[in-house]
């Protein structure tokens with residue numbers, strides 16, 4: 001649970017920094033587009049990778065995963 005909260009905190013900080021930089025005009029006219037692409041194409045996959053790299057695989061690949069996959073039709 002702590003990993004999830006840490007992930008959301010990191011995302012919130014990135015959003016906050018981008019907002020402040022955008023409001024002050026440091027990013028130019030295309031700043032919003034650049035930050036959006038950076039967040040979705042670089043930051044989010046990197047966060048997912050680091051979170052999964054630190055995760056306990058026995059928790060990820062447990063019986064609950066099978067039940068969830070079966071219930072979801074997957």
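From its DSSP helices (H runs of at least four residues, each -39,500 (n - 2.57)), the chain gives a residue-normalised ellipticity at 222 nm of -22500 deg cm²/dmol.
Computed from Cα atoms, the angle from the helix 2-24 axis to the main principal axis of the chain rounds to 10 degrees.
Note on the chain: semi-axes of the ellipsoid equivalent to its C-alpha gyration tensor, largest first and rounded to whole Å, are 34, 14, 10.
Model label points for residue 34 and residue 17, set 7 angstrom from Cα along the Cα-to-Cβ axis, are 1.4 nm apart.
Rule-based calculations on the coordinates, nothing more; no lab input. Worth saying up front: this structure is predicted, and the values here are computed from it rather than measured. Every residue, glycine among them, receives a Cβ derived from its backbone with ideal geometry; neighbour counts consider all protein chains shown.
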